[in-house]
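Presented below is the structure to which this report refers.
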Amino acid sequence: MAASLRKNIEKTINKTLSDAAFEEFLKLMSEKSFEKKDLLIEEGSVCNYIYFIEQGACYSYLTDQRGEKHAVQFALEGYWISDLYSFFSKAKAIYTIETLEPLKVLAISRENFQKACDNNSCFDRFFRILIQNAYVSVQYRLVKTNSEEAEKRYFEFSKLHPDFVQRIPQYLIASYLGIKPQSLSRIRKESARKK
């Protein structure tokens with residue numbers, strides 16, 4: 001079960017971990033399972049974990065004043081997900097994370113996250129890169145959402161994340177891209193007709 005985690009870390013830091021180092025890291029994580037539609041964290045509570053997805057799919061979202069959900073992040077096998085604002089600040093979570101499929105994760109607590117970073121520079125580097133990449137991704141998405149047409153955003157998203165297009169409901173993809181579900185449906189129909 002931990003093979004995908006090790007592969008994820010080694011690919012990110014571009015370095016092979018020793019068995020001992022990886023085993024020490026693994027001891028800091030706990031296995032958790034969730035059913036479909038379970039919440040890993042709910043907006044307003046404190047997020048105490050960062051999750052590595054071993055199996056299944058989930059997404060994070062925020063809820064606006066009208067009660068509408070706005071998708072922020074999707075996570076499938078090999079992805080990490082959390083409410084980093086809450087995790088690092090210990091403030092109330094701004095996102096809810098909900099499962100879309102039954103989910104198996106490896107979770108690391110705030111305390112164990114700090115231990116991992118303090119005890120081995122490889123893990124400090126790994127999490128720095130992970131968080132750096134997440135920040136860059138959010139900036140890129142903001143620019144694209146505010147500067148490109150909906151059709152172009154969808155096609156780029158589907159090219160970059162074909163696995164998401166297959167497993168994430170279309171209304172959530174529309175929400176993530178800032179597109180009305182009807183518009184996304186029209187874009188997909190027109191695209192299918194052109195093929």
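Run lengths n ≥ 4 of DSSP H only: what is the helix-derived mean residue ellipticity at 222 nm for the chain, with -39500 (n - 2.57) per run over all residues, to the nearest 500?
Working: 9 runs with 102 residues, N = 195.
Roughly -16000 deg cm²/dmol at 222 nm, from the helical runs in the chain.
Run through the DSSP bridge list for the chain and note the antiparallel percent, rounded to the nearest 5.
Restricted to the chain, the bridges split so that about 100 percent are antiparallel.
Sequence gap at least 6, Cα distance under 8 Å: using those rules, report the relative contact order of the stretch 3-119 to the nearest whole percent.
Details: 239 pairs, mean separation 42.0, N = 117.
Here the relative contact order equals 36 percent.
Hey, what's the per residue convex hull volume over the C-alpha atoms of the stretch 118-163, in cubic angstrom? Provide the component values of the computation, followed by the final result.
Numbers: hull volume 3.2 nm³, N = 46.
Looking at the stretch 118-163, the number lands at 69 Å³ per residue.
Ser121 versus Leu62, label points 7 Å from Cα toward the beta carbon: distance in nm?
So the label points at Ser121 and Leu62 sit 3.7 nm apart.
How big is the charge dipole of the chain about its Cα centre, in debye rounded to the nearest 20, if each Lys and Arg gets +1 on its Cβ and each Asp and Glu gets -1 on its Cβ?
Values: 30 positive and 25 negative charges, 172 e Å.
The dipole of the chain has a size of about 820 debye.
Quick check on the stretch 1-77: what does the Kirkwood estimate of hydrodynamic radius come out to from the alpha carbon pairs, in Å? Numbers along the way, then the final one.
Details: mean 1/r = 0.0672 Å⁻¹.
In the stretch 1-77 this quantity evaluates to 14.9 Å.
Counting Lys +1, Arg +1, Asp -1, Glu -1, what net charge surrounds Arg186 among other residues with beta carbon under 12 Å of its beta carbon?
Around Arg186, the surrounding residues sum to +2.
Just subtract the alpha-carbon distance of Ser185 and Arg6 from 0.36 nm times their residue separation and send over the number in nm, one decimal. Don't skip to the end; give the middle numbers.
Numbers: separation 179, 0.36 × 179 = 64.44 nm, distance 3.84 nm.
Full-extension gain reported as 60.6 nm.
Given the C-alpha centroids of the stretch 112-143 and the stretch 155-195, what is the distance between them in whole angstrom?
29 Å
To the nearest 0.05, what FRET efficiency results for Asn133 and Arg193 with a Förster distance of 30 Å applied to their C-beta separation? Provide the component values of the computation, followed by the final result.
Numbers: r = 36 Å, r/R0 = 1.21.
That pair, Asn133 with Arg193, gives E of 0.25.
Measure off 7 Å from each Cα along the Cα-to-Cβ vector at Ala91 and Gln114, then give the distance between these two points in nanometres to one decimal.
About 1.9 nm, to one decimal.
How much net charge surrounds Glu98 when only the other residues with a Cβ under 14 Å from the Cβ of Glu98 are counted, with Lys and Arg +1 and Asp and Glu -1?
-3
Averaging over all projection directions, find the projected area of the Cα convex hull of the chain and quote it in nm² with one decimal place. Show your work: numbers first, answer last.
Numbers: hull surface 48.0 nm².
That works out to 12.0 nm², a quarter of the Cα hull's surface.
Asn48: net charge of surrounding residues, Cβ under 11 Å, Lys/Arg +1, Asp/Glu -1, itself excluded? Don't jump to the answer; show the numbers that get you there.
On the way: positive: Lys90, Arg110; negative: Asp83, Glu111.
Summing Lys and Arg as +1 and Asp and Glu as -1 gives 0.
Just so you know, all these numbers are worked out from the coordinates, no wet-lab data involved. In this text the structure is predicted, and so the values were computed from the model without any measurement. Here Cβ is always computed from backbone atoms with ideal geometry, including for glycine, and neighbour counts include all displayed protein chains.
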